[in-house]
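The values are calculated or read from the model by the stated rules, or taken from the named source; none is laboratory data. Remember, it's a predicted structure, so these values are computed and weren't measured experimentally. Glycine also receives a Cβ, built like all others from the backbone with ideal geometry; neighbour counts cover every protein chain displayed. Heads up: the accessible areas ignore ligands, DNA and RNA and are worked out on the full protein's heavy atoms, side chains in. Shrake-Rupley method; radii C 1.70, N 1.55, O 1.52, S 1.80 Å.
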Amino acid sequence: MRRSFGGTYWLLILPALVLMVAFYILPVLSVLVISVTEPEPGFGNYALLATSGPLHRVLATTARICVITTIVTLLLGYVVAYGLAHARPTMRGLIFFGVVLPLWVSVLVRAFSWVTILRREGLLNNALLEVGIIEEPLRLLFNEFAICIGMIHYMLPYAILPLYANMRGIDRRLISAARGLGASRPTAFRRVFLPLSLPGVISAGMLVFIFSLGFFVTPAILGGGRTRMIAEYMSWLILDRLYWGPGTMIATMLVLTVFALLWLLGRFVDLRRLFGTAT
């Protein structure tokens, strides 16, 4: 009976496994093969990681934007998640609706909405001019600032939800015990609640950083081609310059970086619980 169930189990997952191999594993392997065979066999493309100045600038820009996005998203997400964890049920539902609502809106719509807000004749510049804070429009679009704004807006739900899940699991009696022993509210938060919420902070930070590495649409629109991140640079190499070798090398390194970060994340938190597969 046990052996029969095992055979049925493999039959159930076989279609998904075939699709995974055909549409994910094989394409990734083909990218790896191209990276070491074009334009000639060898590891010349990977040597560009140490010798290419433009690639270094793009990598530095990508790392800087991803770090800024992760830090700001975590700070904002922590505040919202803390409010969610301590809100009454009715208010919690309203806040949840506000958190999830952006996920229903296309990334293109959100990016072009920020173009409308940040352009020289946009809502933000017009408001600042009307109030008298500035005398001429600020250059808020087609730079790293605009890209960070768009990415933070997109990534906030992905930080809030893991943080909230972690905070909901913290025993409130520990906070009450600290308060009963004479700790002030800020001290109880700093010495008890904050350390217990650090696994959520780490997991949310890793997820935001990993997702930010592969951003393409938002940087392409809000950067206007003047500020390029690694995904846009990779697309430019392959589609515009037809440099398949360097482009697939960057894609391979990006995939390996994501796997390395996921492995590092797994050292701090249970990935099965984080992605909802733990039993």
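What the table shows:
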| quantity | calculated |
| --- | --- |
| Pairs of Cα atoms farther than 30 Å apart, the chain, % | 48 |
| Kyte-Doolittle mean at least -1.0 and Cα axial length at least 24 Å: DSSP H helices in the chain | 2-20, 53-86, 144-168, 194-213, 244-266 |
| Cβ-defined net charge surrounding G223, 11 Å radius [Lys, Arg +1; Asp, Glu -1] | 0 |
| For the stretch 50-125, alpha-carbon Rg over 2.2 N^0.38 Å | 1.56 |
| The chain - percent relative contact order, Cα under 8 Å, separation 6 or more | 28 |
| Within the stretch 42-91, chymotrypsin sites (Phe, Trp or Tyr not before Pro) in DSSP loop having at most 13 other beta-carbon neighbours inside 10 Å | F43 |
| Formal net charge of residues neighbouring A81 (Cβ-Cβ distance under 13 Å; K, R +1; D, E -1) | +2 |
| The stretch 1-92 pair-distance distribution - Cα-Cα, 10 Å bins, rounded % | 12, 16, 18, 21, 24, 8, 0 |
| Probe 1.4 Å, protein heavy atoms only - accessible area per residue of the stretch 37-128 in square angstrom | 60 |
| Sites matching GluC sites (Glu not before Pro) across the stretch 124-170 that sit in DSSP coil, with at most 12 neighbouring C-beta atoms within 10 Å | E135 |
| Interatomic Cα distance distribution for the stretch 138-279, bins of 10 angstrom, percent | 11, 28, 27, 20, 10, 4, 1 |
| Net dipole in debye of the chain [+1 Lys, Arg Cβ; -1 Asp, Glu Cβ; about Cα centre; nearest 20] | 1360 |
| Net charge of Cβ neighbours under 12 Å - reference V58; Lys, Arg +1; Asp, Glu -1 | +2 |
